[in-house]
Each structure stands twice: as structure tokens, then as C-alpha cells.
Amino acid sequence: ETGVTQTPRHLVMGMTNKKSLKCEQHLGHNAMYWYKQSAKKPLELMFVYSLEERVENNSVPSRFSPECPNSSHLFLHLHTLQPEDSALYLCASTAVAGGYGYTFGSGTRLTVV
Amino acid sequence: RKEVEQDPGPFNVPEGATVAFNCTYSNSASQSFFWYRQDCRKEPKLLMSVYSSGNEDGRFTAQLNRASQYISLLIRDSKLSDSATYLCAVASGGSYIPTFGRGTSLIVHP
């Protein structure tokens, strides 16, 4: 596989569920990101990891919990979400943090019911 | 004022038309500028970077106007396949992590 792969592509979860989003990059990049994209809103940066260390956390509610076990994998653990958390969650990577041009995964479309 | 602003559109143009979008940014210390293309229900993909001297790639031309703090994207000879949302991204010094605009929707019709 090449590029940035996200699973699942679609997820419907209840407000009391716990689920995880997975991202894997095959580009040898050292930085990975989680973004949230809601309808008619700009991409919102959630978390940044550089060399497996979290370097930015953009005031994201604690019901979102990231995990980066190595430079190729990134998870977003979800629990007790709200309906307003329904959105497209995009993972991205760059060679280094803040590096030139993102490569995005295809995203997970999340619906919270 | 929002950090990065774009006219959401949609811009409806016929095939073969020339269309231009602008993206304004508020931070005068911004140093890196990009245009991304996002097709419906797909992820954004890097279209081109915007250099101080401008950047041209085939039918696409990107320019930077530092004095007025905006970047532009010009598409010549529009194709049906150009229909998409075009996102601008602007990064300042320090973290260099870009802030995205909400995107401009382009619809090219026959």
C-alpha cells in the first residue's frame, strides 16, 4: 500500500459507544495530524505528532484521545461523543512537522447518533 | 477577522472559461501558501504551492500579493473535471502548520 490509509471509511456510533479511528502512512514521514472537517467549515487542526511525540493539541475535548505508537500509525480514540462531533475526520502526514504539503488520507466519515 | 478567508461560491462557469479565486489572510508574517483541491466526499490533495514569484502549472497559475495579503488561483480553459472545492492554506513562521480556508466551490458546466 502507498500513501495514507484510514479505516474505517464510515462509522456510525451512539453517544455511549467507544470506537477508534486508525491511520497508517507508508511514506516514511515523521509527522502526522488529525483534522476535523465539518460541513461549510474550514479544516480544524486537532492534534499534531512529530516523531511520535504530541506537539500540538488544539483545545480538543477530552472525549477525543489520540495515540501515536510509532511514526507510521496514528489512532483517534472516541468515547461519549456528541451529535455535533459528526464530521469527516482526516489524517495527514508530512516529512517533518509543518513540512511542505500534506498528504491526506481518505478520511473517516463519522456520524454520532 | 478570520485568519484565512475564501468566498465559498459556488462559481458556475462554462467549459473553456477562465476563472480566478482569491484567498485573503490576516497574519502579515505568513510565509507558506498552498492551494489544495478537494473533490466531493474525498480528501484534499495538494494542487500547488504559491511562491513569491508566482507559480504556473499548465492551466493553473497561483500568485501571491503580500501587500494586500492574498493569494490567487487562476484556471484557464476550464474543464468539467476541474469541478471541485479549492482550499487555500496559509502557514506562519514558528510552527509552519497551515491554517485552511473553508474552500471555494467551482462548478464547470458544458
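In order along segment A:21-31, the Karplus-derived 3J(HN,Hα) couplings, from 6.51 cos²θ - 1.76 cosθ + 1.60 at θ = phi - 60°, round to 9, 10, 9, 9, 10, 10, 9, x, 6, 10, 10 Hz, and Gly and Pro are given as x. Dividing the mean sequence gap of close Cα pairs (under 8 Å, 6+ apart) by how many residues chain B holds gives a relative contact order of 38 percent. Taking every protein chain into account, the accessible area of segment A:1-81 amounts to 52 square angstrom per residue (probe 1.4 Å). For chain A, averaging the sequence separation of C-alpha pairs within contact (under 8 Å, six or more residues apart) and dividing by the residue count gives a relative contact order of 37 percent. By the Stokes-Einstein formula, at 0.890 mPa s and 25 °C, chain A with its Kirkwood radius over alpha-carbon pairs has D equal to 177 µm²/s. Here's how it looks for A:S86: its modeled amide H is under 5 Å from those of A:V112, which are all 5 or more places away or on a different chain. Listed cross-link partners A:K40/B:K42; A:K41/B:K2; A:K41/B:K45; A:K41/B:K79; A:K18/A:K40; A:K18/A:K41 are compared with a 19 Å cut-off, the Cα-Cα value being larger for A:K41/B:K79; A:K18/A:K40; A:K18/A:K41. The solvent-accessible area of A:M15, taken with every protein chain present and a 1.4 Å probe, is close to 80 Å².
The largest accessible area among B:Y96, B:Y25 belongs to the first residue in B:Y96, B:Y25, and the rest follow in falling order (1.4 Å probe, all chains).
When the residues B:I75, B:I107 are ordered by accessible surface, computed with a 1.4 Å probe over the protein chains alone, the sequence from largest down reads B:I107, B:I75. Computed with a 1.4 Å probe over protein heavy atoms only, the accessible surface of chain B comes to 48 Å² per residue. Computed from the C-beta positions of B:E3 and A:E67 and an R0 of 41 Å, the FRET efficiency is 0.90 to the nearest 0.05.
What does the buried accessible surface come to for B and A, summed over both chains, with the probe at 1.4 Å? Round to 100 Å². The contact between A and B buries close to 1500 Å². Among the cysteines of chain B, those with no neighbouring cysteine Cβ under 4.7 Å are B:C40. Report, for the protein assembly as shown, the % of DSSP beta bridges that are antiparallel, rounded to 5. Roughly 90 percent of the DSSP beta bridges within the protein assembly as shown come out antiparallel.
Across segment A:74-81, computed HN-Hα scalar couplings (Karplus, 6.51 cos²θ - 1.76 cosθ + 1.60, θ = phi - 60°) run 9, 10, 10, 8, 10, 8, 6, 6 Hz from first to last residue, x flagging Gly and Pro.
Size descriptors for chain B (Cα atoms only): Rg and Dmax, in that order, 13.4, 45 Å. Here segment A:36-62 and segment B:48-90 have alpha carbon centers that stand 26 Å from each other. Projecting label points 7 angstrom from Cα along Cα→Cβ for B:N22 and A:H26 puts them 4.3 nm apart. Calculate what fraction, in whole %, of the accessible area of chain B sits on carbon and sulfur atoms when a 1.4 Å probe is rolled over the protein chains. That fraction is 47 percent.
The values are calculated or read from the model by the stated rules, or taken from the named source; none is laboratory data. Note that this is a predicted model, so its numbers are computed, not measured. Using ideal geometry, Cβ is built from the backbone for each residue, glycine included, and neighbour counts are taken over all protein chains shown. When the accessible area is computed, the model is the full protein with side chains, heavy atoms only, and any ligands, DNA or RNA have been set aside. Shrake-Rupley method; radii C 1.70, N 1.55, O 1.52, S 1.80 Å.
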